[in-house]
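The structure appears right after this line, and notes come after that.
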């Protein structure tokens, strides 16, 4: 099977996997794999009394309420009756955003959170509050009151659901609800560290390509934001302030990683405008971090700015990328290495999916926050999570396709070089390749000059077809005898050249003797042809300056000296045959016929 056909079959397996994997993950995150509860667990949906400034609602459902934008200094008070069901390790669970929390049962404070952050002027992180109910039967039917002191402007407009049940089962319920983002975020972070390790090695030892490093940054920032947004780090550590900061920092760094990857992988996009965008994207998380750490402005304030910046950059960058991809596609479409799909098309597919999914979640978040009941408390980033996974997988496939294109390009280059530098008759390197090698070789090397005997008589008496067979056979034997050589070539007619790099002592004599033994073995079974050759060799150390041309001249002169001896030996045998004499057994050079 040809390489082109092989690639056509295999490259289509990857888009299929790209579709199958998200489907499997969606099933993995569905309720199909949810473990049923052992104890009673309920959502306290109805019967709430809610007060927020001039807003007041009685016997209301939290999911149906939009209390309006909460500003710094506002107080939101929720109250309802405690459930009568008694469960072991009873607990009330609810999520709060940027608020100091105080929980009462019949005016008795049983839980507080966030005062230390507020008193020190720090940003309050999002928080899952687990309020233990030590004696559930004692509090049955009493009034549960949750007081939220808002610490930031535009903190929230809706109220999260409140759950009641066994603490272990509530934690398991939360994890099961977040199973899909947990799996995808964990995969992206692990994948990022693997890529970073690989990219660091490739950057240092195989060219200074930064695109793989930026790919690892994309995967890390997407994974970190996914886990932080879904509050999954709280199961690993109580250091919520850091994870809250990580959420915003990762979100603000995603545009920088993406645009840097695009420019590093597509040099044609390296324009002054895009350099300015890279600088802006690099400074954005740095400046917001400095302002946050110094206590001047909290980092959450800049989310709307990021939304505007991302939309502007999408409008600017996407047409450039599409234009560049179309141009590359048209250039490669008629090239021999084209395999039916380019790496850029996979990259555009993943980027488009990620942008579309992100825009959907941004629109959904703002609609929930400003227009619908429940507010952003019920918002999620499931679309962005799936889009981010597809984008990271597309980046992986992009490098796979890019590798295929590189291999195909190298294959075609070697094929064309083979046509340009290979002797079509013998399969050895031709004169042009030999001259190129001689011009570039350095260090310690040896040259063997070889002249095959009797080509002209064979051509004259048996024909050029038999002469060609003679050359092919001799070349095949040379390949066997000089298998460790750096170069075996035919410089023209019946002349051949062998180059050996870093030769061991006596290697030339050993290889020449091996050649002659193989020629004798061939001659013992051949009736029409009789192969023989004259050889001369020289080492680079024998010539001042180790110039390859001088080494070749020395080897060639020695070859002609041996050829003259062969010629003299043949004349001597011819005279002895005429005179009827027997040649001396001592002295002389054995003839090679």
Query raised in the report: Tell me, which residue of the stretch 295-316 that is surrounded by fewer than 16 Cβ atoms within 10 Å (Cβ to Cβ) and part of a loop (DSSP other than H, G, I, E, B) is modelled with the lowest pLDDT?
Result: 295
Report task. Working only within the stretch 95-105, note down all residues that are assigned to a loop (DSSP other than H, G, I, E, B) and within 11 Å of residue 130 (Cβ to Cβ). Result -> none
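Would you check which residues across the stretch 125-150 are free of Cβ contacts under 8 Å to residues at least 60 places away in the same chain and either under 20 Å from residue 171 (Cα atoms) or buried (at least 16 other Cβ atoms within 10 Å of the Cβ) (or both) and list them? Spell out the reasoning first.
First pass over the stretch 125-150, keeping only residues free of Cβ contacts under 8 Å to residues at least 60 places away in the same chain: 129-140.
Answer for the stretch 125-150, where residues must be free of Cβ contacts under 8 Å to residues at least 60 places away in the same chain and either under 20 Å from residue 171 (Cα atoms) or buried (at least 16 other Cβ atoms within 10 Å of the Cβ) (or both): 129, 130, 131, 132, 133, 134, 135, 136, 139.
Among the candidates 144, 124, which residue alone is in contact with a strand residue (DSSP E or B) (Cβ under 8 Å, 6 or more places away or on another chain) and under 30 Å from residue 246 (Cβ atoms)?
Just a single option satisfies the conditions, and that option is 124.
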Requested in this report: List the number of the failed condition for residue 574; all other conditions in (1) in a helix (DSSP H, G or I); (2) modelled with pLDDT of 55 or more hold.
Outcome: (2)
Query raised in the report: in contact with a strand residue (DSSP E or B) (Cβ under 7 Å, 6 or more places away or on another chain), under 22 Å from residue 521 (Cα atoms) and either modelled with pLDDT of 90 or more or part of a strand (DSSP E or B) (or both): does that describe residue 478?
Result: yes
Query raised in the report: Taking residue 511, is it farther than 19 Å from residue 433 by Cα and within 49 Å of the chain's Cα centre (by Cα)?
Result: yes
Query raised in the report: Which of the following residues is without any contact (Cβ under 8 Å) to a residue 60 or more places away in the chain, assigned by TED's automatic domain parsing to the domain that holds residue 308 and under 22 Å from the mean Cα position of the chain (by Cα): 251, 273, 246?
Result: 251
Report task. From the list 433, 456, pick out the single residue that is outside any loop (DSSP other than H, G, I, E, B), surrounded by 16 or more Cβ atoms within 10 Å (Cβ to Cβ) and at pLDDT below 90. Result -> 433
Query - Residue that is modelled with the highest pLDDT [pool: residues in the stretch 327-353 that are in a helix (DSSP H, G or I) and surrounded by fewer than 13 Cβ atoms within 10 Å (Cβ to Cβ)] - result: 327
Report summary line: Residue hits (the stretch 494-504; out of contact with any helix residue (DSSP H, G or I) (no Cβ under 7 Å at 6 or more places or on another chain) and either over 14 Å from residue 537 (Cα atoms) or assigned to a strand (DSSP E or B) (or both)) are 495, 498, 501, 502
Query raised in the report: Among the helices (runs of 4 or more DSSP H) contained in the stretch 196-294, which hold 2 or more residues that are out of contact with any helix residue (DSSP H, G or I) (no Cβ under 9 Å at 6 or more places or on another chain) and modelled with pLDDT under 85?
Result: none
Requested in this report: Confirm whether residue 154 is free of Cβ contacts under 8 Å to residues at least 12 places away in the same chain and closer than 21 Å to residue 96 by Cβ.
Outcome: no
Report summary line: Residue set 401, 411; condition part of a helix (DSSP H, G or I), crowded, with 19+ Cβ neighbours inside 10 Å and at pLDDT below 75; output residue 401
Query - Check on residue 493, exposed (fewer than 15 other Cβ atoms within 10 Å of the Cβ) and either under 25 Å from residue 548 (Cα atoms) or not assigned by TED's automatic domain parsing to the domain that holds residue 440 (or both) - result: yes
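The values are calculated or read from the model by the stated rules, or taken from the named source; none is laboratory data. The model shown is predicted, which means the values in this text are computed figures rather than measured ones. Methodologically, a virtual Cβ is constructed for each residue, glycine included, from the backbone with ideal geometry; neighbour enumeration extends over all protein chains shown.
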